[in-house]
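Below you'll find the structure, written out as structure tokens, and then a few comments.
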Amino acid sequence: MSFSRASWAVFVVAQLVGCGDPTRESPDPLRPVSGPASPLADVSADLQALLEHGALDGACTGLPPAGSDRQQDRTARLRCGKSMFFYESFGTAGVPKSLVRFLLDNFPQDVGAGFARLGMVPDPYSAQHLPLGMVPTAKLGGKVDALAFTCASCHFAQLPDGRYAVGAPNHRYEYGLQNLLVAVLPSVALQGPAGHAASAVARVQPLLSRIQADAALKNKLVAAVLPLSLAGIKAPVFPAAAEDHYAAWRAGTMDFLIEPLPVNDGVHTVSKIPPLWELPTNAEIAASGMANALLGWTGNTHSLEHFCQSFVVYGGGPVAAWPMEKIAPLWEYVYSLRRPASPAPLDEATVAQGRRVFSERGCSTCHDGPRGSGKRVYAFDEIGSERALQAWLDPAGSGTPCCGAPPSPESAPTHGIKSPRLVGLFSEQRFLHNGSLDSLEQLFCLGSSRPTRTDMPFGDQGHVETCNDLRDDEKRQLIAYLLAN
Ligand code: HEC
Ligand code: HEC
């Protein structure tokens, strides 16, 4: 019989506190999901290998029938799902391509090649030097080329150690600023700032100043806007209040139910992009007693299958063209994503102590489901965290989705907050649902206290479980345990 260092450490601690045989310990709350992982290269320092060396193009043609368990059929379906993850717009509403080109071609020092300075990852296979996560979609007014987002813009990122990982939350992504550059910059540059939010104008000011100082550049902008005017299409315009919101979001955070997206709940909320590793499977949901998969920060979406379909609905895509069986490879692929191995050099004994503290100090009361997620939705009062999301999708509190969102048995407003899965936290730069904190140290009030903001929807209050009543050594052990997973 041999012990790894980790199990040996657990063994020693268990003996010291009189628990006896370590193999009788309760299972690790953050243990990996069972079932086959994706055979594809979804975590790699080599971007081209991760993109299957160009083989994602056309990966959905001639697909073997759904349900076949033969390994090569499953791999083919997953490759198709991966190609959808990176390259499928589902016909969702896009922004004029000419305006995106204007930014990429004229402001590399501000936005970076392929929007790298806005946190996106340039696509090595794009002849047009587009970023991963931005692809052609349905033409505007049937005439003007447009680009829309794919899953990869937000759910694909480079990890702090340089590896790329599918499913990693892109917390460097300046989604708000990118939208202002496309929608507000042209209008202010050509017509002046009247009617625009001062905060939004301030964010685009560096590029605005250059356009104002350079007649040739201004002519290029006029040329980029011209196809829109000729086709009678209005450039995307947000009300000033929405512009102000876009200007305020930190990288990696956003509100979707806002102009110009078709469903707008009229409530300003902020959500951080979550990781997509090891979502709860249907078997786990049934076994754990969860009501459903509790997806989204409010836990309102009951299944990954439905979540993928909602992307088409909320993005204004042609729903009838995307029946569930056609989207199936995408969710099969997302289910196959696994957390990347943690690169953090951690002391195994400390990690083992952290796992013990997690159970002994009540964390598992609420983080008691798959990968440390909760098994139910919590009231904001129970957690104390910022509560703007309480009104999300249903400001009237009617129990059904507002503002044109189709009611569905697979989704219902909860007015609460779920406790998220706790794996892959080492890859994150934002913490709490609204991304108001920057580190686990802040979440645990270690060293300096939290920055402490209480304004809606940006407040960082609440979840005092990680601050009060814990000794500093326990906090460090818990952080080590979380970083190891
Ligand atoms: C523009 C950024 C963006 C794009 C594009 C995007 N997402 Fe998300 N995703 C988010 C944000 C932000 C959330 C959290 C929303 C909330 O709950 O308030 C989220 C939540 C999710 C969740 C819930 C995860 C959980 O643990 O609760 C899933 C699943 C998901 N996205 C899958 C996808 C898929 C699949 C695609 C592509 C079809 C996609 N997303 C496209 C930003 C994005
Ligand atoms: C009363 C239920 C409850 C208890 C007890 C609890 N949590 Fe949480 N936890 C939550 C909820 C709900 C959230 C989401 C809060 C938010 O984002 O506003 C959360 C968020 C977190 C996050 C942030 C995750 C992210 O993606 O930003 C971490 C880390 C965490 N909890 C760890 C712990 C640890 C460690 C303990 C024990 C010391 C603990 N929790 C105790 C319910 C709880």
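The values are calculated or read from the model by the stated rules, or taken from the named source; none is laboratory data. Small disclaimer: the values here were computed from a predicted structure and weren't measured. Heads up, the Cβs are rebuilt from the backbone with ideal geometry, glycines too, and the neighbour counts pull from every protein chain shown.
So here's what we get for this one:
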| read-out | value |
| --- | --- |
| Subset of the stretch 379-399 (residues that are hydroxyl-bearing (Ser, Thr, Tyr) and either assigned to a helix (DSSP H, G or I) or more than 21 Å from the chain's Cα centre (by Cα) (or both)) | SER398 |
| Qualifying position, being in contact with a His (Cβ under 9 Å, 6 or more places away or on another chain) and over 25 Å from LEU330 (Cβ atoms), among VAL270, VAL237 | VAL270 |
| All positions within the stretch 227-241 that are in contact (Cβ under 8 Å) with a residue 40 or more places away in the chain and either in a helix (DSSP H, G or I) or in contact with a Ser or Thr (Cβ under 6 Å, 6 or more places away or on another chain) (or both) | PRO227, LEU228, ALA240, ALA241 |
| Residue check for LEU261: in a helix (DSSP H, G or I) and over 30 Å from SER342 (Cβ atoms) | no |
| Per-region count, the stretch 247-271, residues acidic (Asp, Glu) and crowded, with 21+ Cβ neighbours inside 10 Å | 2 |
| Answer from PRO343, PRO323 - the residue that is over 17 Å from the mean Cα position of the chain (by Cα), over 22 Å from SER419 (Cβ atoms) and touching a residue at least 12 places away in the same chain (Cβ under 8 Å) | PRO343 |
| Test: residue in the stretch 244-260 that is within 30 Å of ALA37 (Cβ to Cβ), within 16 Å of ligand 2 (Cβ to nearest atom) and of a type in the set (Lys, Arg) | no |
| Residue in the stretch 380-412 that is nearest to ligand 2 (Cβ to nearest atom), counting only those that are out of contact with any helix residue (DSSP H, G or I) (no Cβ under 9 Å at 6 or more places or on another chain) and of a type in the set (A, V, I, L, M, F, W, C) | ALA388 |
| Which listed residue, of PRO413, PRO395, is within 16 Å of ligand 1 (Cβ to nearest atom), surrounded by fewer than 16 Cβ atoms within 10 Å (Cβ to Cβ) and not β-branched (Val, Ile, Thr) | PRO395 |
| Residues satisfying the stated conditions in the stretch 156-186, i.e. modelled with pLDDT of 95 or more and under 16 Å from GLU243 (Cα atoms) | GLU174, TYR175, GLY176, LEU177, GLN178, ASN179, LEU180, LEU181, VAL182, VAL184, LEU185, PRO186 |
| Residue list for the stretch 437-478, filter: of a type in the set (Val, Ile, Thr) and over 15 Å from GLY362 (Cα atoms) | THR452, THR454 |
| Residue list for the stretch 455-466, restricted to those being assigned to a loop (DSSP other than H, G, I, E, B) and either in contact (Cβ under 8 Å) with a residue 24 or more places away in the chain or within 7 Å of ligand 2 (Cβ to nearest atom) (or both) | MET456, PRO457, PHE458, GLY459, ASP460, GLN461, GLY462, HIS463 |
| Of the criteria (1) within 19 Å of LEU221 (Cα to Cα); (2) touching a Leu at 6+ places or on another chain (Cβ under 7 Å); (3) not charged (D, E, K, R), which one CYS80 fails | (1) |
| Cβ-Cβ under 8 Å pairs, at least 6 apart or on other chains, the stretch 419-445 side assigned to a helix (DSSP H, G or I) and charged (D, E, K, R), far side more than 7 Å from ligand 2 (Cβ to nearest atom) and at pLDDT below 95 | GLU441/GLY447 |
| Per-region count, the stretch 468-485, residues in contact with a Phe, Trp or Tyr (Cβ under 7 Å, 6 or more places away or on another chain) and more than 9 Å from ligand 2 (Cβ to nearest atom) | 1 |
| Where a residue in the stretch 293-315 is closer than 16 Å to HIS415 by Cβ and its partner, wherever it lies, is part of a helix (DSSP H, G or I) and within 16 Å of ligand 2 (Cβ to nearest atom), with Cβ under 9 Å and at least six apart | TRP297/LEU389; THR298/LEU389; THR298/GLN390 |
| Qualifying residues in the stretch 416-442 (those that are away from ligand 1 (no atom under 13 Å from the Cβ) and of a type in the set (Ser, Thr, Tyr)) - the one nearest to TYR378 (Cα to Cα) | SER436 |
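Yes/no per residue for (1) among the aliphatic types (A, V, I, L, M); (2) crowded, with 17+ Cβ neighbours inside 10 Å:
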position: THR92; (1), (2): no, yes
position: LYS97; (1), (2): no, yes
position: LEU104; (1), (2): yes, yes
position: ALA116; (1), (2): yes, no
position: PRO136; (1), (2): no, no
position: GLY141; (1), (2): no, no
position: ALA157; (1), (2): yes, yes
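Per-residue answers, yes or no, for (1) within 15 Å of ligand 1 (Cβ to nearest atom); (2) modelled with pLDDT under 95; (3) under 25 Å from PRO29 (Cβ atoms):
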| residue | (1), (2), (3) |
| --- | --- |
| PHE311 | yes, yes, no |
| GLY317 | yes, yes, no |
| PRO329 | yes, no, no |
| VAL334 | yes, no, yes |
| PRO340 | no, no, yes |
| ARG355 | no, no, yes |
| SER359 | no, no, yes |
| GLY372 | yes, no, yes |
